[in-house]
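Participant: Dropping the structure in here first, questions after.
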Amino acid sequence: MTVTGIVLAGGKGSRMGGVDKGLQPLRGKPMASWAIARLKPQVDEIVINANQNLEIYAAFGYRVVPDEIGGFAGPLAGLHAGLAAATHPLAATVPCDSPFLPADLVLRLKNALGEKDLAVAKTGDQPHPVFVLLKTSLKRNLEAFLASGGRKIDAWYAALKVVEVPFDDEADAFRNINTLDELKGA
């Protein structure tokens, strides 16, 4: 089955002083470009979810879709926008602030998905709910959850058939960069 890759870059960057995290430079390139470069060989198309600096994100050469739900409603709103734009039966999400994501993320999630609705990466006992592979047919289910006021990814997928996929061998790959100090350290 073919896969749409969704790069989640729609946040406010509150913990980074209100800057657009995906556009902050890391080793001379915007952080989002690192995530895109790691995801691109793993998927059949890329969609970027962003709510500001749309023209800059569009310069990466991929479709940019803003949240349909206002007020920076979080990663679920970005997932919803990405699912609406997806043209493939599966979608994989990654955050723009995780430039070291595994080069085999989608393959491992896809191999584990089977008849489940969603596969989520995990290291140790910690699931990483913004690193998922899911069926794009879940869009209506997600819309109903969002309409009821739900905003937390793990609360949404708790009602689905989910498989957690261990990535203990690549635990550092899920490190995200939330602050300017973390950015300097990376």
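Participant: Which one of these does residue 90 not meet: (1) in contact with a Lys or Arg (Cβ under 8 Å, 6 or more places away or on another chain); (2) modelled with pLDDT under 95?
Facilitator: (2) is the only condition that residue 90 fails.
Participant: Please tell me if residue 131 is in contact (Cβ under 8 Å) with a residue 12 or more places away in the chain, touching a helix residue (DSSP H, G or I) at 6+ places or on another chain (Cβ under 9 Å), of a type in the set (Phe, Trp, Tyr) and in a strand (DSSP E or B).
Facilitator: yes
Participant: Next question, about the same structure. Of 109, 79, which residue is crowded, with 23+ Cβ neighbours inside 10 Å, within 14 Å of the chain's Cα centre (by Cα) and farther than 17 Å from residue 48 by Cα?
Facilitator: 109
Participant: Still on this structure, please answer the following. Being in contact with a His (Cβ under 9 Å, 6 or more places away or on another chain), within 21 Å of residue 35 (Cα to Cα) and either of a type in the set (A, V, I, L, M) or open to solvent by 20 Å² or more (accessible area, probe 1.4 Å) (or both), is that true of even one residue in region 82-97?
Facilitator: No, region 82-97 has no match at all.
Participant: Something else about it: Taking the condition modelled with pLDDT under 95 and open to solvent by less than 70 Å² (accessible area, probe 1.4 Å), does residue 114 pass?
Facilitator: no
Participant: Within region 65-79, take every residue that is assigned to a helix (DSSP H, G or I) and in contact with a strand residue (DSSP E or B) (Cβ under 9 Å, 6 or more places away or on another chain) and give me the one that is nearest to residue 147 (Cα to Cα).
Facilitator: 77
Participant: Which residues, taken from region 49-64, are of a type outside the set (Ser, Thr, Tyr), buried (at least 21 other Cβ atoms within 10 Å of the Cβ) and either within 13 Å of the chain's Cα centre (by Cα) or not in a strand (DSSP E or B) (or both)?
Facilitator: 49, 50, 51
Residue-wise test of (1) under 20 Å from residue 175 (Cα atoms); (2) without any contact (Cβ under 8 Å) to a residue 60 or more places away in the chain.
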residue	(1), (2)
33	yes, yes
66	no, yes
86	no, no
104	yes, no
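Participant: Answer with yes or no whether residue 183 is in a helix (DSSP H, G or I), within 19 Å of residue 8 (Cα to Cα) and modelled with pLDDT of 90 or more.
Facilitator: So residue 183 does not fit the description; no.
Participant: Then there is this: Being surrounded by 19 or more Cβ atoms within 10 Å (Cβ to Cβ) and part of a helix (DSSP H, G or I) is the filter here; which residues of region 39-48 pass it?
Facilitator: Across region 39-48, the qualifying residues are 39, 42.
The values are calculated or read from the model by the stated rules, or taken from the named source; none is laboratory data. Everything numeric here is computed off the predicted structure, so don't read it as measured data. All Cβ positions, even for glycine, are placed from backbone atoms using ideal geometry, and neighbour counts span all protein chains on display. SASA here: full protein model, heavy atoms, side chains in, ligands and nucleic acids out. Shrake-Rupley method; radii C 1.70, N 1.55, O 1.52, S 1.80 Å.
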